[in-house]
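The values are calculated or read from the model by the stated rules, or taken from the named source; none is laboratory data. Quick caveat: nothing in here was measured; it's all calculated off a predicted structure. Glycine also receives a Cβ, built like all others from the backbone with ideal geometry; neighbour counts cover every protein chain displayed.
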Amino acid sequence: MFTGMIESTGEIRSIHTAGQVVFLDITAVEFLRSGMPRQGDSIAVNGICLTVTGAGGDSFQVQAVLETATTTTLSSWQIGRPVNLERSLTPLSRLDGHLVTGHVDGVAEVESVQSEGMGLKVRLRISEKLHRYIARKGSVALDGVSLTVADSMAPENFTVVLIPHTMGKTILQGVTAGQTVNVEVDIIAKYLERLLRRTGADRQDEGLTLEKLRNADFAD
């Protein structure tokens, strides 16, 4: 489990595929100053939860299955690419962002990037299947970064605003129109949908309903 609060950035030193596994070596000098990860630790790399297989010097190694590569932006990663990094939560960690699992739901395409004061306003396009989980003022993780949805326009668009601090601490400072980013929608939204389906099918006269959520300002 993660928070979407990026600790540092790193860079892909090497990447290759053997069989059904992708092997990555990531240089992360600043990230490793806070402690060398152990084999088996989980690290979110651009929002993808990956398992550490080795670490030493100024880099660490992780692996991913091809299924992960084909459903995220990992399939387009190359040597020299910068990546966002976050260690997994501990029981005593502060939850400063929102609950992020590191299980990417899909990708979104950046449609436009505009200056917004000292920050950036980014408009993205996402599949209708995932857009239903995007709500104005709700949470979303883009390349592992916890962000607040500024606006949600049906059926496929939404916007976020990047503040200077976020741009300075993550690779989103270089976001450009046409690129793709990993997306993890709010896990609470997915559980709410599942609960609503159950209450709608099995317990129509009691429990949580969409109307109750609307009255409580939890749904549009």
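Out of the residues in region 140-156 that are surrounded by 17 or more Cβ atoms within 10 Å (Cβ to Cβ) and of a type in the set (S, T, N, Q), which is nearest to the chain's Cα centre (by Cα)? Filtering first and then ranking leaves Ser146. Is it fair to say Val100 is outside the structural domain of Gln179 (by TED's automatic domain parsing) and surrounded by 15 or more Cβ atoms within 10 Å (Cβ to Cβ)? Spelling it out, Val100 is indeed outside the structural domain of Gln179 (by TED's automatic domain parsing) and surrounded by 15 or more Cβ atoms within 10 Å (Cβ to Cβ).
No other residue among Thr101, Thr148 is free of Cβ contacts under 8 Å to residues at least 40 places away in the same chain and among the β-branched types (Val, Ile, Thr) apart from Thr148.
Just so you know, in region 196-220 the residues that are aliphatic (A, V, I, L, M) and over 30 Å from Arg123 (Cα atoms) include one that is modelled with the lowest pLDDT, and it is Ala201. Listed by first and then second residue, the pairs with beta-carbon distance under 7 Å, at least 6 apart or on different chains, first residue in region 7-18 and closer than 16 Å to Glu30 by Cβ, second among the charged types (D, E, K, R) and assigned to a strand (DSSP E or B), are Glu7/Glu86; Glu7/Arg87; Arg13/Asp25.
Taking region 54-80 as the range and being surrounded by 17 or more Cβ atoms within 10 Å (Cβ to Cβ) and either part of a strand (DSSP E or B) or of a type in the set (D, E, K, R) (or both) as the test, the residues that pass are Ala55, Ser59, Phe60, Gln61, Val62, Ala64. Consider Met36 carefully, then state whether it is surrounded by 16 or more Cβ atoms within 10 Å (Cβ to Cβ) and either in a loop (DSSP other than H, G, I, E, B) or among the acidic types (Asp, Glu) (or both). Criteria not met by Met36.
For region 162-175, the set of residues classified as within 12 Å of Val113 (Cα to Cα) and over 15 Å from the mean Cα position of the chain (by Cα) consists of Gln173, Gly174, listed by residue number. Screening region 66-84 for residues that are small (Gly, Ala, Ser) and in contact (Cβ under 8 Å) with a residue 40 or more places away in the chain and picking the one that is farthest from Leu147 (Cα to Cα) gives Gly80.
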